Amino acid sequence: MPSNQSNANFNSVSRRSFLRTAGAALAAAPILTEAHFARAATLADGAVPEYDPKGVYIDSNENPLGPCEAARKAVIDIVPNGGRYAFPLYANLTNTFAEQMGVSANHVALFDGSSAPLAFAVLAFTSPTRSLVTADPTYEAAGESAKVNKAPIHAVPLAKDHSHDIKAMLAADPHPGVIYICNPNNPTGTTTSKEQIDYAVEHKPEGSILLIDEAYIHLSDAQSAIDHVKVGKDVVILRTFSKIYGMAGLRCGFAIGRPDLLKKLNDFGQMPMPITGMIAAQASLMDTDLVPKRKKIIADVRNDTFAWLKQNNYSFIPSESNCFMIDVKRPGAQIRKAMAKDNVFIGRSWSAWPTYVRITVGLPAEMDAFKTSFKKAMASPVTAENEMHELQLRVPKAFYS
C-alpha cells in the first residue's frame, strides 16, 4: 500500500497532469482506461479523498463481484511463479479464447485489457486525412487517440432510441479510417441491433475499419459481430475481462480480426502480460456458469434500481449493461459533489449531455446507499454553478498539453 505521503502527492495532482502522466508510458499511443476518465472527473470536481473501504464507488463501471472463485484460486496458486514471464500461458489462453469464439488463433491478439488495442486500432487506421467516426456520447478513449493522431473526429448524436445512428455515422465522412461502435454503449448501456451492425459492415466506405467494442456484451442480449470476422470483413472486435468477469484490476483482453489487421495493432508493441491476469482469464473461461449467473445478478440489481427511479419520478435511460444515465436537471457536478459528501461516488457527465450522470450498478447494499444519497442530493437547491465545468471536463487537448 502507498504511504500517506504518496497518497497526498497523488491526490494533489491536477486532472491535466494526471492524464498526461497516465499517457506518458507510450507518448505516441497513450493508453487511457475507464479508470483514468473516472479519476479525471473526480479531480475536476475537487473531491479527491483518501480511499475509504467503506465508500461506495459506482463511478468506474467496475464489477464489485470481482474475479470468480476459480480465477481467485488460480491467481493464488500462480503467485509463487510471479518471477517468470510464463510465455506458455499466452498460447494456452489465446487458443482457449479463439476456440470459444470460433476463430483460428491467429485471429486473436492478447492484451492487458481492451484499452491498448482500442488505442492502437485508432492510431493504426486513422490519420490527418482519415477520420474517426464515433457516437456522441460514447466512450471517450477512441477520440483521445484520434486527437493524438491529428485525425478529424465526427461525433454523431445517438438515435432517438439511444442506439448508434448507423446511417448518420456512415454519412458523416465518405472516407473515414475508423468507425467506432461501442455495443452496448458506454455510458448509456444501450444496444445497437445486429441488423444495424450488419448494415454498417455492408455499406461502410471501402478501406474503412469497423472497430466494434464489445466490452459489455455479456451483460446484454446483444449479438456479437464475430460472424463478420469469420468471413474476413474489415472488422476488429474488442473484448475485455474487466466487466462481467470482474478483472479490471488484473487486466486481460483481446482484439479479434483478420491477421493483417491485427498485425497493424501489434506493430505498436506490447508490455508483457501479467501472469495473474492470464491465469485468471483462463480459469474464468472454463467456468460455464459464470456469465449467465452474473448477468442475472447485475440485471436484478439494475432493474430494482430502475423501479425505484420510476417510483420517485427520476428521468433515466433504461440500460442493458452495468451502467445507466440519469438526467439530474442541472450540471452533473453538483450532484456528484453532494453525493461525495456522503462517501458515495458516482460517474461523470458528457459534454453532449451535461445534466446527465452515469451510475455503475453496484452491490445491493451499495445501491441502497446510492438511493439515500441521491434522493438527498436531488432535494437540494440547484446552484448557479457555471456549466462550463462539464464542458471543460471534456476538453481533449487538456489530456496531453
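Taking a cut-off of 13 Å between Cα atoms, list the aspartates and glutamates near Lys296, but don't count ones fewer than 8 places away on the same chain. Candidates past the 8-residue exclusion: Asp221, Asp304, Glu320. For Asp165, the residues whose amide H sits under 5 Å from its own are Ala159, ignoring neighbours fewer than 5 places away on the same chain, with H placed 1.01 Å from N. The alpha carbon radius of gyration of the chain, expressed as a multiple of 2.2 N^0.38 Å, is 0.95. What is segment 162-273 by shape, rounded, prolate or oblate, if you read a ≥ b ≥ c off the alpha carbon gyration tensor as root eigenvalues and call it rounded for a/c under 1.5, prolate for a/b larger than b/c, and oblate otherwise? In terms of gyration-tensor shape, oblate.
Distance cut-off 22 Å, Cα to Cα: go down the list Lys194/Lys329; Lys204/Lys243; Lys160/Lys329; Lys167/Lys233; Lys243/Lys329; Lys147/Lys233 and report the pairs above it. From the list (Lys194/Lys329; Lys204/Lys243; Lys160/Lys329; Lys167/Lys233; Lys243/Lys329; Lys147/Lys233), the Cα-Cα distance tops 22 Å for Lys194/Lys329; Lys204/Lys243; Lys243/Lys329; Lys147/Lys233.
Accessible area of the chain with a 1.4 Å probe: how many percent of it is carbon plus sulfur? Before the final figure, lay out the partial values.
Numbers: 9460 of 17130 Å².
Carbon plus sulfur share of accessible area: 55 percent.
From the square roots a ≥ b ≥ c of the eigenvalues of the alpha-carbon gyration tensor of segment 44-157, which class results: rounded (a/c under 1.5), prolate (a/b over b/c), or oblate? Because a/c hits 1.5 or more and a/b fails to exceed b/c, segment 44-157 counts as oblate. Put +1 on the Cβ of each Lys and Arg and -1 on the Cβ of each Asp and Glu in segment 23-181; which of Pro53, Gly66, Thr33 then has its Cα farthest toward the positive end of the dipole? Going by the charge dipole, the pick is Thr33.
Using a 1.4 Å probe, what is the accessible area per residue for the chain, in Å²? On a per-residue basis, the chain sits at 43 Å².
Whats the longest run of the chain with zero chymotrypsin sites (Phe, Trp or Tyr not before Pro) that are DSSP loop and have at most 13 other Cβ atoms within 10 Å?
So the longest stretch without any such site is 86-401.
Taking 0.36 nm per residue of separation and subtracting the Cα-Cα distance, full extension of the segment from Ala352 to Asp227 would add 41.7 nm.
Let me know the shape class of segment 182-238, please: from the alpha-carbon gyration tensor, a ≥ b ≥ c as square roots of the eigenvalues, rounded when a/c is under 1.5, otherwise prolate if a/b is greater than b/c, or oblate.
prolate
Treating r as the C-beta distance of Ala105 and Asn81 and R0 as 25 Å, the FRET efficiency rounds to 0.60. If only the Cβ of Lys and Arg carry +1 and only the Cβ of Asp and Glu carry -1, the dipole of the chain around its Cα centre is close to 680 debye. Restriction of the GluC sites (Glu not before Pro) in segment 133-212 to DSSP coil positions whose beta-carbon has at most 15 other beta-carbons within 10 angstrom yields Glu206. Here's the picture: charge each Lys and Arg Cβ at +1 and each Asp and Glu Cβ at -1 in the chain, and of Met273, Ile226, Thr372 the one pushed furthest to the positive end of that dipole is Thr372.
The values are calculated or read from the model by the stated rules, or taken from the named source; none is laboratory data. Fair warning: this is a prediction, and the values are worked out from it, not measured in the lab. Every residue, glycine among them, receives a Cβ derived from its backbone with ideal geometry; neighbour counts consider all protein chains shown. Side chains are part of the model used for accessible areas, which takes the heavy atoms of the whole protein and leaves out ligands, DNA and RNA. Shrake-Rupley method; radii C 1.70, N 1.55, O 1.52, S 1.80 Å.
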